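**Q** Next up is a structure, given as C-alpha cells.
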Amino acid sequence: MHVSVFDLFKIGIGPSSSHTVGPMAAAQAYGQRLISHGILEKTHRVQVELFGSLAYTGTGHGTTPALLVGLEGEKADAFDPETLPARLETIRNNRRLNLAGERQVDFNEDDDILSRRGQRMDYHSNAMRFAAFNEHNAEIDAEIYYSVGGGFIVTDEEVEAGQADAPNELPVPYPFETGEDLLEIGQRENLTIAAIARANERAIHSEEELESGLAAIWNAMSECIDRGVRDDGILPGGLKVKRRAPEIHRKLENAPPSNTDPLAAMDWVNVWAMAVNEENAAGGRVVTAPTNGAAGIIPAVIKFFVRYYRDPGDKASIETFLLTASAIGALYKKNASISGAEAGCQGEVGTACSMAAAGLAAVLGGSNEQIENAAEIAMEHNLGLTCDPVKGLVQIPCIERNAMGSIKAIDAARLALHGDGTHRVSLDQVIKTMWDTGRDMMEKYKETSEGGLAVNVPDC
C-alpha cells in the first residue's frame, strides 16, 4: 500500500482531522454519490447519524459545521474558514441547504444530524450514516462512511468488499511496508529515506507538481504559525481558554539582544507549536500532520530548523524534511493507526513526534539508521498516551501536548545523532507496540472524553 506525502499532509480546517476534515470529505463524497447514482433530483431531505467518538465529541470538534458545508459540496483543502459563520447562519435560518452545490433540500439540524451515543460500528469508532429521502419522506439511498484519522475516509461498501485496507496498486519503484524495508532499500540502492520517498512520489506526480505541492504544504504551515502568533482572543467552545501564543511571542520578540537564556530556543519551539494548535482550535486553516490534533509539532520543528540551522529559502531541506517524515508516517498508517479514536493520542501526537524527529535527523545529516532511531525514540516515549480532551474540545490538553511533543521530537533527533544508528529496539517493534497498546486501551481513553482529564477537570 502506497501512502503519499499528500495523504499525510492535507490542507484543511480545524479543529480535528477525524471529526472535521474527514466528515467534511464524507459529506462532499455523499453528495457526489447522489449525483453519480442519479438520485440527487429525487432527494428532498438528507440525514446524518453519528456513531462512536463522533457522537460523543463531534460538537466540540466542529463535526456539524463540517458536515453542513461538505453536504453543500465544499472541499476541505479549498474552503475558506472565514466564510463559515455566514454559511451556517444561512443554512440554519432557512432550514435549507444546497445539496452538492446543485439542489436545494430541506434541512433541520436538530432532526437531521443525530448523535447515536453508546453505539459503535465494528470497523471503526468514527462512523457516519448518510441517508437521502424523497418527497414522501421515504429513504431512497444510504451509505456509511468511516473517518479513520488524518482526514482519510472509507465507505462501508469498501469495507464489505475487502477494499478498505487493500493494497494501493500504484506502481511506485520502491514499495515498502516496514522500517526494515526502508533501511534495506536504502542500503541496496544507496538512497536516503527522503530520496526513496521522492522517487515513489515522482511515479505519481510530475516534478513540478511535487515541488509545488510540498511548497504549498510548508507555506500553509508557516502562515498558520504567523496567524497563531498574531491573533489574540478566547478560543470557542465554552472552556474560555485564552490564546497564549501571541503574548509569549511578544515577550520573546521584545527580549533584549543581550539575552543569553540557554533555553530560549525551547521557548520559541513551544510558541510555534501552540500557535498552530490555537489556530486549529479556533477552526482556522491548518495542515494535518498527520492529524489536526497533532498539527503543531512538525511545523514547529521545521521552524526550529529554519531559524537555527538554515536559510529560510532553503527549499531542498524543507522537501527532505517533509518527504522523510511522510515515509515514517506511512509506516504508522500501514501498520497501526493515526486515529485517536483507535489508538489514543499516542497515534496522533506520538506519530507526529516520530515523524518530526525523523525529519529533523534527516536535514541535520543523519544516516538512514539514525533517522529510523530518532523516529523510534520519539514514539517509544509516547507509548500509552491517552486521548482525553476536556469537553470534547481540541484545547486541553491538546495545545500544550503539541508543544511538549515538539521538544521531545528535537530531543529524540539529537539523541539519535549522537549515536551511530545501532540500537536495541527497532521502529517496527515500537509501532507494533503502539498498536497493541491502542487496541488494549479502554474506549473511554480514546477520544470519547469519557475518561482522564475530560472527567477530572471542570468543563466550564
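**Q** Quick check: is even one residue across segment 94-117 free of Cβ contacts under 8 Å to residues at least 12 places away in the same chain, under 24 Å from the mean Cα position of the chain (by Cα) and either open to solvent by less than 70 Å² (accessible area, probe 1.4 Å) or more than 30 Å from GLU279 (Cβ to Cβ) (or both)? Talk me through it step by step, then tell me what you get.
**A** Step one: list which residues in segment 94-117 are free of Cβ contacts under 8 Å to residues at least 12 places away in the same chain, which gives 94, 96, 104, 110.
Remaining after also requiring under 24 Å from the mean Cα position of the chain (by Cα): none.
No, segment 94-117 contains no residue that is free of Cβ contacts under 8 Å to residues at least 12 places away in the same chain, under 24 Å from the mean Cα position of the chain (by Cα) and either open to solvent by less than 70 Å² (accessible area, probe 1.4 Å) or more than 30 Å from GLU279 (Cβ to Cβ) (or both).
**Q** Still on this model: Would you pick out the residues in segment 283-317 that are of a type in the set (A, V, I, L, M, F, W, C) and under 19 Å from the mean Cα position of the chain (by Cα)?
**A** Within segment 283-317, VAL286, VAL287, ALA289, ALA294, ALA295, ILE297, ILE298, ALA300, VAL301, ILE302 qualify.
**Q** Can you find a residue that is more than 28 Å from GLY62 (Cα to Cα), modelled with pLDDT under 95 and open to solvent by 70 Å² or more (accessible area, probe 1.4 Å) anywhere in segment 266-281?
**A** No: zero hits.
**Q** Quick one: which helices (runs of 4 or more DSSP H) lie wholly within segment 271-377 and hold at least 2 residues that are under 29 Å from PRO236 (Cβ atoms)?
**A** Hits in segment 271-377: 297-308, 340-343, 349-363.
**Q** Residue check, ILE234 against (1) touching a strand residue (DSSP E or B) at 6+ places or on another chain (Cβ under 8 Å); (2) more than 12 Å from ALA300 (Cα to Cα); (3) touching a residue at least 24 places away in the same chain (Cβ under 8 Å), all met but one. Which one?
**A** All conditions pass for ILE234, except number (3).
**Q** What is the number of the single condition among (1) in contact (Cβ under 8 Å) with a residue 40 or more places away in the chain; (2) within 29 Å of ILE204 (Cβ to Cβ) that ALA78 does not meet?
**A** Answer for ALA78: the failing condition is (1).
**Q** Next question, about the same structure. Which residue out of ALA66, ALA29 is touching a His at 6+ places or on another chain (Cβ under 9 Å), modelled with pLDDT of 95 or more and within 18 Å of SER18 (Cα to Cα)?
**A** Result: ALA66 is the single residue among ALA66, ALA29 that is touching a His at 6+ places or on another chain (Cβ under 9 Å), modelled with pLDDT of 95 or more and within 18 Å of SER18 (Cα to Cα).
**Q** Please specify each residue of segment 378-426 satisfying the condition of being in a helix (DSSP H, G or I), closer than 27 Å to THR59 by Cβ and of a type in the set (D, E, K, R). Please lay out each step first, then the result.
**A** Step one: filter segment 378-426 for residues in a helix (DSSP H, G or I), giving 378-380, 390-392, 398-417.
When the remaining residues are screened for being closer than 27 Å to THR59 by Cβ, the result is 390-392, 398-405.
Selection gives LYS391, GLU400, ARG401.
**Q** Related question: Return a yes/no flag: does segment 7-18 have any residue that is free of Cβ contacts under 8 Å to residues at least 12 places away in the same chain, of a type in the set (Gly, Ala, Ser) and either under 30 Å from VAL172 (Cα atoms) or open to solvent by 10 Å² or more (accessible area, probe 1.4 Å) (or both).
**A** The answer is no, given that none of the residues of segment 7-18 is free of Cβ contacts under 8 Å to residues at least 12 places away in the same chain, of a type in the set (Gly, Ala, Ser) and either under 30 Å from VAL172 (Cα atoms) or open to solvent by 10 Å² or more (accessible area, probe 1.4 Å) (or both).
**Q** Continuing with this model, one more query. Look through segment 36-53, keep the residues that are in contact with a Lys or Arg (Cβ under 9 Å, 6 or more places away or on another chain) and assigned to a helix (DSSP H, G or I), and return whichever of them is farthest from ARG120 (Cα to Cα).
**A** GLU41
**Q** In addition: Which pairs have Cβ atoms under 7 Å, sit 6 or more apart or on different chains, and link a residue in segment 206-219 that is among the β-branched types (Val, Ile, Thr) to one that is open to solvent by less than 30 Å² (accessible area, probe 1.4 Å)?
**A** So the pair list comes out as ILE217/PHE9; ILE217/VAL287; ILE217/LEU322.
**Q** If you don't mind, another one. Could you please find all residues in segment 197-238 being on the phi > 0 side of the Ramachandran plot and surrounded by fewer than 16 Cβ atoms within 10 Å (Cβ to Cβ)?
**A** Passing the criteria: GLY233, GLY238.
**Q** Hey, can you tell me all the residues within segment 243-260 that are under 22 Å from GLY405 (Cα atoms), open to solvent by 10 Å² or more (accessible area, probe 1.4 Å) and touching a helix residue (DSSP H, G or I) at 6+ places or on another chain (Cβ under 8 Å)?
**A** ARG243, ARG244, ILE248, HIS249, LEU252
**Q** For segment 171-196, which positions are touching a residue at least 24 places away in the same chain (Cβ under 8 Å), open to solvent by 50 Å² or more (accessible area, probe 1.4 Å) and either under 27 Å from LYS303 (Cβ atoms) or in a helix (DSSP H, G or I) (or both)?
**A** GLU180, GLN187, THR192
**Q** Same structure, new question: Kindly indicate the residue of segment 231-270 that is of a type in the set (A, V, I, L, M, F, W, C) and assigned to a helix (DSSP H, G or I) and also nearest to PRO85 (Cα to Cα) among those meeting that condition.
**A** Result: ALA245.
**Q** While we're here: Select from segment 141-161 the residues that are in contact with a strand residue (DSSP E or B) (Cβ under 8 Å, 6 or more places away or on another chain) and open to solvent by 60 Å² or more (accessible area, probe 1.4 Å) and list them in ascending order.
**A** Selection gives GLU157 alone.
**Q** Using the structure shown, decide if GLY228 is in contact (Cβ under 8 Å) with a residue 40 or more places away in the chain, under 20 Å from the mean Cα position of the chain (by Cα) and within 26 Å of ALA341 (Cβ to Cβ). Before the answer, list the steps.
**A** Numbers: in contact (Cβ under 8 Å) with a residue 40 or more places away in the chain: yes; under 20 Å from the mean Cα position of the chain (by Cα): yes; within 26 Å of ALA341 (Cβ to Cβ): yes.
So GLY228 fits the description; yes.
**Q** Moving to a separate point now. In segment 425-452, which residue that is among the small types (Gly, Ala, Ser) and closer than 20 Å to HIS381 by Cβ is most open to solvent (accessible area, probe 1.4 Å)?
**A** Result: SER426.
The values are calculated or read from the model by the stated rules, or taken from the named source; none is laboratory data. Nothing here was measured: the structure is a model prediction, and the numbers come from that model. Cβ coordinates were reconstructed from backbone atoms using ideal geometry, including for glycine residues, and neighbour counts include every protein chain displayed. Accessible surface areas use protein heavy atoms only, side chains included; no ligands, DNA or RNA. Shrake-Rupley method; radii C 1.70, N 1.55, O 1.52, S 1.80 Å.
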